[in-house]
């Protein structure tokens, strides 16, 4: 979790193929910009020209936001009609430029560029297998392990998609992958559907992206979600789908709907906006309280607050002002500086809050310091009471699939009851989403909720080793 007290986003991936030979770097830039909420540490674009010499590939990666890393001259230098892009938040591997994606491999069969969203649970086993055969690793990410296994399988496979299929039979965990070979764009989604991936079309180009909002950003038409376990191969001849790895058991990450995904996205047929309205309504039904105003923590709590308001008939209000020109708080070097940065970033509208009983909606409580600071700000501005309602159940267990839920000792709910947490954060009452209500907000879509109930949808090979990566 680094120095922040919020749950960190997963990564975001974007791939595009234009069979007519037109450059795609600008489209990738806009697609990544719309996925910026999924990762703010590093980003990158890799493009190649399918009509030129085999093996040509232009790549640029950097630390920071998309608009910081990609200036006009850099985008103009990236020539190619086939490409992938990535925005990263590190869930495994250090926060260094070396770990920025896309990863590009040059090997005996040509070039391979790969961007990965998610986490594997058998990385060490796969890495050791490669190392015993002489592999040397440039990064500390599980994404490189995937790329190396694909490259190794390609030596004997008749096609790159066959190599991808062979490699994905070995890897276990959560992944949304976009991959380019010299002539093809390939998308892969893990068989459980833990990570999202969708397909779109822009005139003659086909696009793969983590969320549908990235399609909207480039003016593309949404075609469909990639099925869990599906491998989609896009060439100049069209689209081919391989459903070999598809299975009946699915487990979509519930936190995509509560927090990760952008409000204007749809994932697996579910509107994120509607899901968050339903979350607020479920909280209003489970934890009614007399109050003057319902407010949400920007940004993910606001829509849920509207849902709570609609269900309870208590007015919805905006009480927080966000200063958009303040940098990210989690990169500040000391706790005192981070707290000052929070105050600069978010302030309370005193005249709206004064002498009011407030219901405050947020997506989650991890360590409790963020919500405690907001309650303090509200009460200092004159709020008579602050009743907290949370759109997720208490975090009790770590996530191994790419959501940066830390180890148990860093989770406030692991060592404190709801009543104790209520006192610690300074709230007048506290209500968490009931586990039984989670599926109602996603229309009974099969979900993974293991960070709340420890029922993991697949075997965790070495929990101690995996958990250790979240404490780096």
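Derivation of every value follows stated rules applied to the coordinates shown; laboratory data play no part. Keep in mind that this is a model prediction, so the values were computed, not measured. Cβ sites come from the backbone with ideal geometry, for glycine too, and all protein chains shown count toward neighbours.
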Strictly greater than 17 Å: what percent of every Cα pair in the range 348-455 meets that?
56
With Rg and the Kirkwood Rh both taken from Cα atoms, where does Rg over Rh land for the range 274-446?
0.95
So the angle from the long Cα axis of helix 25-34 to the longest Cα principal axis of the chain, reported in degrees to the nearest 10, equals 20
Can you tell me the order of 165-176, 25-36 when each peptide is scored by its average per-residue count of other Cβ atoms within 10 angstrom, highest first?
25-36, 165-176
Estimated distance in nm for a label pair at residue 240 and residue 429, the labels positioned 7 Å out from Cα along Cα-to-Cβ
6.0
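Of the listed peptides 298-307, 230-239, what is their order by residue-averaged count of other C-beta atoms within 10 Å, with the highest listed first? Mind dumping the intermediate values first?
Working: 298-307: 23.0, 230-239: 17.6.
Result, highest mean first: 298-307, 230-239.
Peptides 142-148, 60-66: what's the order by average Cβ count within 10 Å, highest mean first?
On the way: 142-148: 26.0, 60-66: 18.3.
Peptide ranking by packing, descending: 142-148, 60-66.
Viscosity 0.692 mPa s, temperature 37 °C: what is the translational diffusion coefficient of the range 169-311 from Stokes-Einstein with a Kirkwood Rh over Cα pairs, rounded to a whole number of µm²/s? Each step should come with its number before you reach the end.
Numbers: Rh = 16.7 Å.
After rounding, the answer is 196 µm²/s.
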For the range 170-184 and the range 23-61, compute the distance between their C-alpha centroids and round to whole Å.
16
Compute the angle between helix 272-286 and the longest alpha-carbon principal axis of the chain, please, reported from 0 to 90 degrees and rounded to the nearest 10.
30
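Where does the chain land at 222 nm, in deg cm²/dmol rounded to the nearest 500, when only DSSP H runs of n ≥ 4 count, each adding -39500 (n - 2.57), divided by all residues?
Values: 16 runs with 135 residues, N = 472.
Value at 222 nm, helices only: -8000 deg cm²/dmol.
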Share of Cα-Cα pairs in the chain lying beyond 39 Å, as whole percent:
22
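Cα-Cα pairs above 23 Å in the range 12-251: how many percent? Walk me through the intermediate numbers first.
On the way: 11972 of 28680 pairs.
Tail of the P(r) past 23 Å holds 42 percent of the pairs.
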